[in-house]
Structure formats: structure tokens, C-alpha cells
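Let me begin by presenting the structure, written as C-alpha cells, before commenting on it.
The values are calculated or read from the model by the stated rules, or taken from the named source; none is laboratory data. Keep in mind the model is a prediction, meaning the values are calculated, not measured. Positions of Cβ are generated from backbone atoms using ideal geometry, with glycine treated the same way; all protein chains shown enter the neighbour counts.
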Amino acid sequence: MAGLAAAFGSGAMTNAMNEIETTDLILITGSNTTECHPIIGRMVKRAVDRKRAKLIVVDPRKVELVKFARIWLRPKPGTDVAWINGMLHVILDEGLWDRRYVQERTEGFEAMQATVANYTPEYVEQITGIPAQDLRRAARSYAAAPRAMILYAMGITQHTTGTDNVKSLANLAMSCGNIGIEGGGLNPLRGQNNVQGACDTGALPNVLPGYQPVTDEDVLAHFQQGWATGVRLSNQVGMSLTEMVPAALQGRLMAMLIVGENPVLSDANCSHVAAGLKALDLLVVQDIFLTETARLAHVVLPAASFAEKDGTFTNTERRVQRVRKALDPPGHALADWEIICALAQRVSRMIQSRQAAQSEHGNVLVRPFSLGYWDYQSPAEIFDELAGLTPSYAGINYQRLERGGLQWPCPSKYHPGTPYLHKDRFVRGLGRFHPVEYRPPAEVPDGEYPFYLSTGRIRFHYHTGTMTRRSRGLDCIAPEGFIEMNLLDAESLGITDGDWVRVISRRGAIKARVKLTERCSAGMIFSTFHFKEVPVNLLTNDALDPIGKIPEYKVCAVRVEKVE
Ligand SMILES: Nc1nc2c(c(=O)[nH]1)N[C@H]1C(S)=C(S)[C@@H](COP(=O)(O)OP(=O)(O)OC[C@H]3O[C@@H](n4cnc5c(=O)[nH]c(N)nc54)[C@H](O)[C@@H]3O)O[C@H]1N2
Ligand SMILES: Nc1nc2c(c(=O)[nH]1)N[C@H]1C(S)=C(S)[C@@H](COP(=O)(O)OP(=O)(O)OC[C@H]3O[C@@H](n4cnc5c(=O)[nH]c(N)nc54)[C@H](O)[C@@H]3O)O[C@H]1N2
Ligand SMILES: [Mo]
């Protein structure tokens, strides 16, 4: 998230995982922690059971941790800015904020204060459905804690207001002096094993490794020298995946290399995605299995899995850790870095021979590549090059990682790493408050599509199921997709547990069995995107957050019909 990177250095946990077990209060929102981050979920349970930490859960679904919580707020989906502003309203109104911290370490407080002034608990109740008294209790409890940690995940970010939601949480944390202290912070629980590492190393359209902007000429000059390619790096911000699909459909994007992603099932409004991929002149997919996306490719490049290669993963608390090869890859599969280097070498050679041909006619377009480039001998060599160009990784190398992981920033060889960020001062200097107004989701229920559809995960499967659905044990426990529905709604539609229903949105329709549950509130259904037989992303809305470019996976409007 570009906006966040600017505000907080990057979208990583500000604090370390083990601080969960030493803090006084934990506020968890938009995170089904025990199913999606079971290790962190266990830490939260231990903190509550053994250390008497207070737990506040804010989630439209009755997730497992609700059982451990002192306070559970159940907002309507997509109303997070409203309840967070409401908590701030109470905290400011009752004088519970940390005046000294706000004065010494932050800026922009007054503008935020003016905005939240309108969000009385009674007004917030109208928007969110959270009883005003519960909101007051939660606000007082959060403000009273000496140290309070906020944990959040996709229930906060996968909205057209995702960036606003995170800014509001930052307002809340800063108002009570909770950023830059042990046991505090604003902690996004990152999703994939190495999504943090991928972002840190520049797998984003707007930044080079270490979140250094591609639009900064000094940064570009530094990388041009460090990479010694002789190629001028582009200073243009690239497209996100969600922008590439429309570009392909409009003929502005000709070719794509997809590495380890299955967007035909995982992207919002996915029938649109398949059409976009089919419109390309060239689609290359690099994966460990022949996925739904790979089936559309002109060329499939077989990759080695995590257990079949060396490298590093950086986890959600910014800890860089070694991954070691345990098995040989099957068949012709290669490690991703080997495939990328081999591709780059071939492309370089093509460009070189084209240039040789052109220079005979006297018009050289780009400077030639230096030969010998892209012939790394090992992942360690690539890591050293990265560390040399990335201040936050500068002190990390494979030798040091032999003795355990290191948390960035780790700027020099003897630096011990950094458990929590923004100590004494924010990375950007002063912490900035943002005035944020509540905006409803892009699509809300109406007469024709009366239900909210929320989507997410269950414990037993991973994303599009390419890996977990190959496990017989997991398939035994969770063999098929389903629609979670509240008992009241089921009754009014004449549906009983296990009945087949059709779920229809403005974009598509799917069929699945109903699972009756009290996890969903009335008026809301839930499904996962784990099962290709129940491709829930045919339904979801591809409206994007303007800054994060994340689609609104967590809210769209649907109709439910019983299938006879
Ligand atoms: N078993 C398993 N674990 C996984 C994954 C997996 O596929 N399977 N995927 C990994 C990845 S990449 C990710 S990103 C994480 C995701 O981890 P989570 O974000 O915890 O998982 P989700 O199921 O997407 O659920 C988000 C939570 O947000 C709540 N929610 C929905 N709408 C709203 C809303 O409007 N406001 C608020 N405050 N909450 C809302 C949902 O009820 C749910 O509890 O999980 C990671 N871990
Ligand atoms: N409706 C709905 N949709 C969602 C979400 C939601 O909550 N609701 N969540 C979104 C989120 S947070 C995420 S992260 C995405 C996930 O979406 P995707 O990343 O598209 O889903 P995966 O199924 O994890 O696909 C990863 C692919 O990588 C392959 N793979 C695994 N290891 C390797 C490797 O080492 N090398 C290579 N080359 N390939 C490998 C796997 O076989 C798999 O095909 O889904 C998003 N989509
Ligand atoms: Mo994710």
C-alpha cells in the first residue's frame, strides 16, 4: 500500500509477535486470527488466559477469538471508519487521549479532532449497528490500557476504503500514544509466507527494494550503478495486477509473465480476468502446478516448491529467515530465481543481436547489456547484492541468518535488528493524523440483491486450493465449498442445512450447499475462494481502493435462491 508505505515506512507489523504476550490490551479487527494466523492466534489466547491481557474483537462474524474477548463489537461490513471515528470521538470527548505524546510526536491532530467530532456513538450506531454503550466501553477500555496493540488483517484492507480504514486505526493508536512502544503498535498480519519479503525486495509497481520510489532520480541512479546492467531504469510507476486486466482488454498490455499466482480464481470479478488474459498476445505462467491460470498460458514454466530450493522468507514481523532445500525438484522444474535468470539472459541476447543488426545501419537505441550479467551462482549472491542496495537489509547476510532470523531495519553488520519501529521518533519524523470521513462500500444491499456477501478463508485450505486440495487429509475434513448463512435468514427463505442454493450478484452466479451458522449475522452470508467448483470471485466486486488498488473482496450485494 503506497499510502501506508509513506505513513509508516512499509506495511509490516510495527511490533514483534512476542510482544502480544506482554501487552495489556489487544484490539483485533478484520482478522480471523485462529484460522488464518494460528501461531499468532495461540499467542493471543495465551496472553488472555495466562497474562490477563484484555481482548477486544471487532468483526462482523463471530470468529473463534470472540469467546476470549471482554468486548465484541459486531459492525455491519464495510463500516470500519465509522466505529473507529466513534471510538476516537469518545476518547477525545472524555479527555482520555495522551496529550504529551500527541504534542511531542505527532502533527495534524486538530483536523482529525474536527472530523471525529461528528461521530457520536449514537450516530455511529445508526451506521454500524454497534450499540452506543458497547462502543463507549470499548473506547474507554482501549484508552485506559497502559500499552495496547492493534492487530488487523484483510477485513480492514479489502475494501474500497481499505487505506482509509488503516489511517483511522493509526489515528486511534497514536491518540493514545501506542506507536513506538513495546507492546503497542499497528500490526497488519501479513498473509503469505513471504509476501513481506516480496514487498521488501521491490515486487511492487511503485518502488525498488527497500520501498525506494521509482520516481526518485537519485534512487534510480544508485540502482543503475549497483545493478551494472547498462540499462536505463524506468521512472514510471507500473500497473498493479488489478490495473493490468483492463489494460489487456483495451489492448494496452500485450504480454504477461505470472509467477506463483492464480488470478483466474483469486481475483475479484474473475470472469473479466480470464477474458483479459485471453486477450494477451503472450501469457507465460510459472507455477508448481498446472493451475486454472496456467491452462490459459501459451507457455508454462515449471517451478520448484519451497522445500526444493534455498532462499529467505521475511515474515509478518519483518523477520528475515533462511529456507533450506530439503528435496530435489521433480522433472525439469527449477527454482524461480534460476528461471528468471535464464529468461533474462535469453532476452538480453535477443536485444544484443537486434542491436548489432541495427548498429550496422548506424542507429543504436539502447546501450548494450554487459555480458556475464544474470549469471548468479547462488541465492546468497543475489541476497548480498540486494542488501548492498537496501539500507534496511544492509546488515543481513546468509552467514548471520545461520544463527536465526533478523528483524529489519538491520542497517549494519553488528546491528541486532529492530523488534519494534518508530521508537522515540517516527520514520517520517512526526506521526501524522489524517482526518477520515466514513464512506459506504461501493455496493450495498438493495431490494434486488438484499444480502451482504463476505468472502475469506477457512483453516483447512489455502487460497485457490492448488496445494491444499491435493492433500487427502485436508480434503477429508473440508471436501467442498459452502455458503455460511444465519438461521433467521435461512428460515425466511425456507432453507435448511445442506440445501443447495444459487447465489447471484450483478457480475455472476454460483451454486453451493448452505451451512447454517451463528457466525454470520442476519442479512450477511459468507463463502471462501478455496474451491474451484464454487468460484466465489465470479460474484465479487472489482471496485478498487484508490490508493491500495485492492478490490472490495469483503463486501458485495447478492441474492440467494433455493435450488429445488
Ligand atoms: N488457513 C488459511 N490461512 C491463511 C490463508 C488461507 O488461505 N488459509 N491465507 C493467508 C493470507 S494470504 C491472508 S491475506 C490471511 C488473511 O487473514 P484474515 O484477514 O484473517 O482472513 P479472512 O478470512 O480474509 O478474514 C478476515 C476477517 O475479516 C472479517 N471481516 C469481514 N468484513 C469485515 C469488515 O467490513 N470489517 C471488519 N472489521 N472485519 C471484517 C471476517 O469476518 C474475518 O474474520 O490469511 C493467511 N492465512
Ligand atoms: N474472494 C476473495 N478473493 C481473494 C481474497 C479474499 O479474501 N476473498 N484474498 C486475496 C488475497 S489476500 C490473496 S493473498 C490472494 C491469493 O491469490 P493467489 O496468490 O492467486 O492464490 P494461490 O492459490 O495462493 O496461488 C499461488 C500460486 O502459486 C503457486 N506456487 C506455490 N509455491 C510456488 C513457488 O515456490 N514458485 C512458484 N512459481 N509458484 C508457486 C501455487 O501452486 C499457486 O498456483 O487471493 C485474493 N483473493
Ligand atoms: Mo493475502
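Among residues of the range 183-201 that are on the phi > 0 side of the Ramachandran plot, those with a beta-carbon under 8 Å from a residue that is more than 13 Å from ligand 1 (Cβ to nearest atom) and among the aromatic types (Phe, Trp, Tyr) at least six positions away or on a different chain give the pairs GLY185/TYR420. Please name all residue pairs, on different chains or six or more residues apart, with Cβ atoms under 8 Å, provided the first residue is in the range 143-160 and is outside the structural domain of HIS89 (by TED's automatic domain parsing) and away from ligand 1 (no atom under 16 Å from the Cβ) and the second residue is assigned to a helix (DSSP H, G or I) and among the aromatic types (Phe, Trp, Tyr). Listed by first residue and then by second, the contacts come to nothing, as the list is empty. Tell me whether the range 212-221 contains one or more residues that are outside any loop (DSSP other than H, G, I, E, B), touching a Gly at 6+ places or on another chain (Cβ under 7 Å) and away from ligand 3 (no atom under 16 Å from the Cβ). Within the range 212-221 (the criterion being outside any loop (DSSP other than H, G, I, E, B), touching a Gly at 6+ places or on another chain (Cβ under 7 Å) and away from ligand 3 (no atom under 16 Å from the Cβ)), the answer is no, since none of the residues qualifies.
Only one of the listed residues (GLY86, GLY183, GLY177) is in contact with a Leu (Cβ under 6 Å, 6 or more places away or on another chain) and not aliphatic (A, V, I, L, M). That residue is GLY86. Filtered by the rule that a residue be in a loop (DSSP other than H, G, I, E, B) and within 16 Å of ligand 3 (Cβ to nearest atom), the range 187-211 gives LEU189, ARG190, GLY191, GLN192, ASN193, ASN194, ALA203, LEU204. Filtering the range 77-103 to residues that are of a type in the set (A, V, I, L, M, F, W, C) and over 30 Å from PRO450 (Cα atoms) leaves LEU88, VAL90, ILE91, LEU92, LEU96, TRP97, VAL102. Taking every residue in the range 242-265 that is more than 23 Å from LEU343 (Cα to Cα) and pairing it with any residue that is acidic (Asp, Glu) and at pLDDT 95 or above, at least 6 positions away or on another chain, the pairs with Cβ-Cβ distances below 6 Å are VAL264/GLU292; LEU265/GLU292. Selection of first residues in the range 105-129 that are surrounded by fewer than 18 Cβ atoms within 10 Å (Cβ to Cβ) and of second residues that are of a type in the set (Gly, Ala, Ser), restricted to Cβ pairs under 8 Å at least 6 apart or on distinct chains, gives the following pairs, ordered by first then second residue: GLU107/GLY431; THR120/GLY86; THR120/ALA132; GLU122/ALA132; TYR123/GLY86.
Say whether the condition of being away from ligand 2 (no atom under 16 Å from the Cβ) and without any contact (Cβ under 8 Å) to a residue 40 or more places away in the chain is met by at least one residue in the range 165-173. Among the residues of the range 165-173, at least one is away from ligand 2 (no atom under 16 Å from the Cβ) and without any contact (Cβ under 8 Å) to a residue 40 or more places away in the chain, which makes the answer yes.
Of the numbered conditions (1) among the polar types (S, T, N, Q); (2) in contact with a strand residue (DSSP E or B) (Cβ under 7 Å, 6 or more places away or on another chain); (3) within 16 Å of ligand 3 (Cβ to nearest atom), ASN262 satisfies every one except a single condition; which is it? Exception for ASN262: condition (2). Which condition number in (1) within 16 Å of ligand 2 (Cβ to nearest atom); (2) touching an Asp or Glu at 6+ places or on another chain (Cβ under 9 Å) is the one that ASN194 fails? Of (1) within 16 Å of ligand 2 (Cβ to nearest atom); (2) touching an Asp or Glu at 6+ places or on another chain (Cβ under 9 Å), only one is false for ASN194: (2). Is it the case that GLN236 is surrounded by fewer than 16 Cβ atoms within 10 Å (Cβ to Cβ), of a type in the set (S, T, N, Q) and not in a helix (DSSP H, G or I)? Here the answer is yes, as GLN236 does meet what is asked.
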